[in-house]
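The values are calculated or read from the model by the stated rules, or taken from the named source; none is laboratory data. From a predicted model like this one, the values you see are computed outputs, not experimental measurements. Note that each Cβ is placed from the backbone with ideal geometry, even for glycine, and that neighbours are counted across all protein chains shown. Surface areas here come from the heavy atoms of the whole protein model, side chains and all, with no ligands, DNA or RNA. Shrake-Rupley method; radii C 1.70, N 1.55, O 1.52, S 1.80 Å.
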Amino acid sequence: VQLQAFGGGLVQAGGSLRLSCAASGRTFSSYGMGWFRQFPGKEREFVAAINWSGADTYYGDTVKGRFTISRDNAKNTVYLQMNSLKPQDTAVYYCAARNGGSGSRYYSNYAYWGQGTQVTVSS
C-alpha cells in the first residue's frame, strides 16, 4: 500500500488542522492505521491509531482529548483532526499502515509509511 499524507501547514496556537492520509490499493480496510510525529533529532512519537473498522482508537497521552483519528474505508483515507493546537505540537506528521487490521502504538509494527507533512503551530 502507498500512503500520501497532506493537510499540514502553519496555524496559530489554539487553532485546528485536519490531516488526511490517502492510501492506494483495494485492501485499505484490512489495515490498521496510525499517525506518528517526529521532532528534530528525536524518534517518532505515537500520536493516534485506529483499527480496520474504526471501532477502536488509541491516543498518545499528549494529544488525548485534543486529537481525533477517524477513517473512511470507502475513500481509502484516514484522518487526524487536531484541535487546541499548541506550539509543542510542531512536528512532521506521518501516517502509517500495518497488516493485521489492528492499530498499534509502536512504530516498529508498521510496515508502510507516508512521506510526512509539516505542522507548525505559532505562539
- Query: Given a 1.4 Å probe and the protein chains all in place, what does the accessible area of Thr117 round to, in Å² to the nearest 10?
  - Reply: 20 Å²
- Query: Just by accessible area at a 1.4 angstrom probe, what is the order of Arg105, Arg98, Arg26, Arg37 from largest to smallest?
  - Reply: Arg26, Arg105, Arg98, Arg37
- Given Cα pairs under 8 Å that are at least 6 residues apart, what percent is the relative contact order of segment 61-123? 32 percent
- Message: From Cα pairs below 8 angstrom and at least 6 apart in sequence, can you work out the relative contact order of the chain, rounded to a whole percent?
- Response: 37 percent
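Using a 1.4 Å probe, what is the accessible area per residue for the chain, in Å²? Intermediate results must be reported in sequence, preceding the final value.
On the way: 6130 Å² over 123 residues.
Dividing the accessible area of the chain by its residue count gives 50 Å².
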- For segment 1-103, with only Lys/Arg (+1) and Asp/Glu (-1) charged at the beta-carbon, what is the dipole magnitude about the Cα centre, in debye rounded to 20? 120 debye
- Message: With a 10 Å cut-off between alpha carbons and a GNM built on the chain, which of Ala13, Ala97, Ala55 moves the most?
- Response: Ala55
- Message: Taking the Cα centroid of segment 82-107 and of segment 1-69, what is the distance between the two, rounded to the nearest whole Å?
- Response: 4 Å
- Item | Listed peptides 60-69, 43-52 by packing density, highest first (mean Cβ within 10 Å) | 43-52, 60-69
- At q = 0.20, 0.25, 0.30 Å⁻¹, what base-10 log of I(q)/I(0) does the Debye formula yield for segment 29-79 when every alpha carbon is treated as an equal point scatterer in vacuo? -0.68, -0.93, -1.14
